[in-house]
Amino acid sequence: MRYETDDPQLNDGNFTVSGTTIRPKLWVNETASSGGYINYLDFVDYNARTTSIAFADTDVWATRSQSIHLHNYGGYSTGTFPNRVYKDWGSLEIKSMTIEGGNGAFTLSEDIKRCYITKDNNSGTSLDRYFLGNYCWWTYSLPKTIDGIVKDDSTYDEWSYRNVISFIPTAAQSYSATLKITYNRGKATDEVYEIALSGNGESLYANADTDCTSSGSCSMGDCHTGWYDLNSDDSDGCEHDCFEINPPNFGADNGCSDIPQGIFVNGAYTGTDEQGTVN
């Protein structure tokens, strides 16, 4: 606040007020669907928020899940690790969570849950960490207001708001999408936080394509290049990496596990070799 006047007696002046609005912050981190540990420094570091989630390779129509935990972090901090104190800056509102792209392979649970967080209280050591788990009792629909926190090293148990992302590939291909979290922290306009999602669908059959219907019923498709199904058994896919050899370049192949010296001729071949015509 500033007071300005030309009067020596300080009369007829004007007050000027300026300041910076202090707002809460959205913090996001991911764990396995069954929970996982976040070390202390990442847990309280706003810059350690999750920006991408890569799912492990997943069989077609199988499911992998990943949890994301939302917090309202803000306020000023005093002290140094491990005795740093965080003060409350107020509430923020999670308005929506949507996934764009990915051909429907990525989905969100319909509601978010409030989950209890526990801490391995080993201050100043590498074991000083939080467990973001599945101790979740309350279910909420969006939009949802998340209260601010006041914490220090002695009052470490807190809450997160969890949603679960599922990855269900419907084909053996790569998938990518963007999770968008729309929130408001007291500003005139909403903000959007984005997390990149990625994953690969894998065939159910070794060295072969998987052909599936929209209902998820699957069967073995074509063998991959260089592989052959010699036993007509889908359970081991296309089991032989044998070469198909066209005349006149006959040769022996040692790549077949149960045929030490196999020669395979393309029966549809039509051409001429050194001895004459092959039909």
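The values are calculated or read from the model by the stated rules, or taken from the named source; none is laboratory data. Keep in mind it's a predicted model, so treat the numbers as computed, not measured. Neighbour counts are summed over all protein chains in view; Cβ atoms, including those assigned to glycine, are modelled from backbone coordinates with ideal geometry.
Here are some notes:
- Matching residues, the range 75-93, being among the hydrophobic types (A, V, I, L, M, F, W, C) and at pLDDT below 75: 81, 85, 89
- Evaluation of residue 50 against (1) surrounded by 13 or more Cβ atoms within 10 Å (Cβ to Cβ); (2) modelled with pLDDT of 85 or more; (3) in a strand (DSSP E or B) (one fails), failing number: (3)
- Under the condition of being surrounded by 12 or more Cβ atoms within 10 Å (Cβ to Cβ), part of a strand (DSSP E or B) and modelled with pLDDT of 80 or more, the residues counted in the range 212-238 number 5.
- Checked against (1) within 30 Å of residue 73 (Cα to Cα); (2) touching a residue at least 40 places away in the same chain (Cβ under 8 Å); (3) in a strand (DSSP E or B), residue 192 passes all but a single condition, namely (2).
- In the range 53-75, of all residues being over 9 Å from residue 169 (Cα atoms) and among the hydrophobic types (A, V, I, L, M, F, W, C), the one that is surrounded by the fewest Cβ atoms within 10 Å (Cβ to Cβ) corresponds to 56.
- Top-ranked residue in the range 94-112 [being in a loop (DSSP other than H, G, I, E, B) and either among the polar types (S, T, N, Q) or in contact with a strand residue (DSSP E or B) (Cβ under 8 Å, 6 or more places away or on another chain) (or both); ranked as modelled with the lowest pLDDT]: 111
- Applying a threshold of 9 Å to beta carbon distances and a minimum spacing of six or more residues, or different chains, the list of pairs starting in the range 28-55 at a residue that is farther than 13 Å from residue 117 by Cβ and free of Cβ contacts under 8 Å to residues at least 60 places away in the same chain and ending at one that is of a type in the set (Asp, Glu) and crowded, with 18+ Cβ neighbours inside 10 Å reads 41/128.
- Once the range 172-197 is narrowed to residues that are among the hydrophobic types (A, V, I, L, M, F, W, C) and surrounded by fewer than 17 Cβ atoms within 10 Å (Cβ to Cβ), the residue that is nearest to residue 57 (Cα to Cα) is 196.
- Boolean, residue 119 is among the charged types (D, E, K, R), at pLDDT 90 or above and buried (at least 16 other Cβ atoms within 10 Å of the Cβ): no
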